[in-house]
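Q: Have a look at this one before I ask anything.
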Amino acid sequence: MTLRDRILSAKPKGKSVEIESVGMVFISQMTGEEFIALQKLREGTEDTTEFAISAIQSCLKDEDGKRVFGDSEAEKALVKSLPYHVISRIFSEILKINSFTDEAVNEAKKN
């Protein structure tokens with residue numbers, strides 16, 4: 001298998017996380033496409049709300065690796081209706097697994 005083939009066959013990693021009042025959830029790393037779309041949401045704004053909601057839509061997966069929430073406005077409204085502690089905890093884990101935190105960047109440098 002060539003280097004190109006190995007790179008193209010790479011799959012986003014993920015981890016299971018315990019969320020209070022929800023139970024175990026699976027959070028995945030973003031694909032390049034998801035990352036670019038989320039970065040476009042952040043351009044020109046300090047408001048992270050839409051970024052957080054969209055990140056949850058992209059990275060929260062079921063046990064089969066399928067997204068729990070789709071991209072529609074109705075799905076976005078469902079995510080927004082979740083209790084804040086659930087949104088906050090899931091988003092925090094998304095930031096960690098995708099190396100958006102200083103802690104995650106430092107950990108990645110060690111490996």
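Q: Out of ARG67, ARG42, report the one residue that is surrounded by fewer than 17 Cβ atoms within 10 Å (Cβ to Cβ) and touching a Phe, Trp or Tyr at 6+ places or on another chain (Cβ under 7 Å).
A: ARG42
Q: Next question, about the same structure. Does GLU107 count as within 18 Å of GLN29 (Cα to Cα), of a type in the set (Asp, Glu) and at pLDDT below 95?
A: Here the answer is yes, as GLU107 does meet what is asked.
Q: Follow-up. When you go through ALA55, ALA37, ALA74 one by one, which is the residue that is out of contact with any His (no Cβ under 6 Å at 6 or more places or on another chain), surrounded by fewer than 12 Cβ atoms within 10 Å (Cβ to Cβ), small (Gly, Ala, Ser) and more than 19 Å from SER21 (Cα to Cα)?
A: ALA74 is the lone residue from the list that is out of contact with any His (no Cβ under 6 Å at 6 or more places or on another chain), surrounded by fewer than 12 Cβ atoms within 10 Å (Cβ to Cβ), small (Gly, Ala, Ser) and more than 19 Å from SER21 (Cα to Cα).
Q: Answer with yes or no whether SER54 is of a type in the set (Ser, Thr, Tyr) and assigned to a helix (DSSP H, G or I).
A: Spelling it out, SER54 is indeed of a type in the set (Ser, Thr, Tyr) and assigned to a helix (DSSP H, G or I).
Q: Answer with yes or no whether GLN29 is touching a Pro at 6+ places or on another chain (Cβ under 8 Å), surrounded by 10 or more Cβ atoms within 10 Å (Cβ to Cβ), touching a residue at least 12 places away in the same chain (Cβ under 8 Å) and of a type outside the set (Ser, Thr, Tyr).
A: yes
The values are calculated or read from the model by the stated rules, or taken from the named source; none is laboratory data. Remember, it's a predicted structure, so these values are computed and weren't measured experimentally. Here Cβ is always computed from backbone atoms with ideal geometry, including for glycine, and neighbour counts include all displayed protein chains.
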